[in-house]
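No value in this document is a laboratory result; all are computed from the given coordinates. Please read all numbers here as calculations on a predicted model, not as lab measurements. Using ideal geometry, Cβ is built from the backbone for each residue, glycine included, and neighbour counts are taken over all protein chains shown.
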Amino acid sequence: MFERLKKSNDVADASEQTQWSGLTVGLVGHCGPDTHGLTRFVNRVLPGARIESVHTGSELEALGAEGVVLLVNRVLDGRFETGNGVELIRQLRNRDADVVAILMSNFTDAQQDAEAAGAQPGFGKSQLKDDVSAARLCEAAQAAIV
């Protein structure tokens, strides 16, 4: 699958779209331009996955945890209990250990803090074209649908 990602003009086949059709990716606390870029990234890596933009705590609760991967902004844009993405991940994981979340940040220390809080290994928005980022999203997606 990762070989296919290197060819940007490829269209996902039906089996790949079916593989991810039960998955929801929540884009948590991102501004409009970032949401657009992340949506393109998710569509490329996880064709068939449903993508939800999340800007409030109630929208986040409505997603649930089963079959959901959360791409959480480091500095949250929206109305949440906290403005800090790492703290939000910590709160979510304390409530439900099955929550699958990735912190979106280019800062190594923030990534380390997020992983200590229970997040999957993450990546920054400047790394959306990297194979490593695609692999990390796929790993998180598989954890969410198991």
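Could you work out the relative contact order of the chain, using alpha carbon pairs under 8 angstrom and six or more residues apart, expressed as a whole percent?
Computed over the chain, the figure is 24 percent.
For residue 51, what residues show an amide H to amide H distance below 5 Å, using hydrogens built from the backbone and excluding near sequence neighbours?
25
Which ³J(HN,Hα) values in Hz, rounded to whole numbers, follow from the phi angles of region 111-121 under the Karplus curve 6.51 cos²θ - 1.76 cosθ + 1.60, where θ = phi - 60° and Gly and Pro get x?
Once θ is set to phi - 60°, the couplings for region 111-121 become 4, 4, 5, 5, 5, 5, 7, x, 6, 6, x Hz.
Roughly how big is region 18-131's charge dipole about its Cα centre, with Cβ charges of +1 (Lys, Arg) and -1 (Asp, Glu), in debye to the nearest 20? Kindly include the intermediate steps, with their values, before the conclusion.
Values: 10 positive and 15 negative charges, 62 e Å.
Charge dipole of region 18-131: 300 debye, to the nearest 20.
Whose amide H sits under 5 Å from the amide H of residue 56, counting only residues 5 or more places off or on another chain, with H placed in the peptide plane?
79
Just want the answer: with Cβ charges of +1 for Lys and Arg and -1 for Asp and Glu, which residue in 84, 48, 120 is farthest toward the dipole's positive end in region 2-145?
48
What size of dipole, in debye to the nearest 20, comes out for region 68-146 about its Cα centre when the only charges are +1 on Lys and Arg C-beta atoms and -1 on Asp and Glu C-beta atoms? Before the final figure, lay out each step's value.
On the way: 8 positive and 11 negative charges, 32 e Å.
Here region 68-146 has a charge dipole of around 160 debye.
Tell me, what ³J(HN,Hα) does each residue in region 41-49 have, in order and in whole Hz, if you take phi through Karplus 6.51 cos²θ - 1.76 cosθ + 1.60 with θ = phi - 60° and put x for Gly and Pro?
My calculation for region 41-49 gives 4, 5, 4, 6, 7, 10, x, x, 6 Hz in order.
Label points 7 Å out from Cα along the Cβ direction at residue 135 and residue 81: separation in nm?
Calculated label separation equals 3.5 nm.
Around residue 124, which amide H atoms from residues at least 5 apart in sequence, or from another chain, sit under 5 Å from its own amide H, with H modelled in the peptide plane?
Correct list: 105.
If Lys and Arg each add +1 and Asp and Glu each add -1, what is the summed charge of the other residues whose beta carbon sits under 12 Å from the beta carbon of residue 34?
Working: positive: 40, 74, 125; negative: 77.
Taking every other residue near residue 34 into account, the sum is +2.
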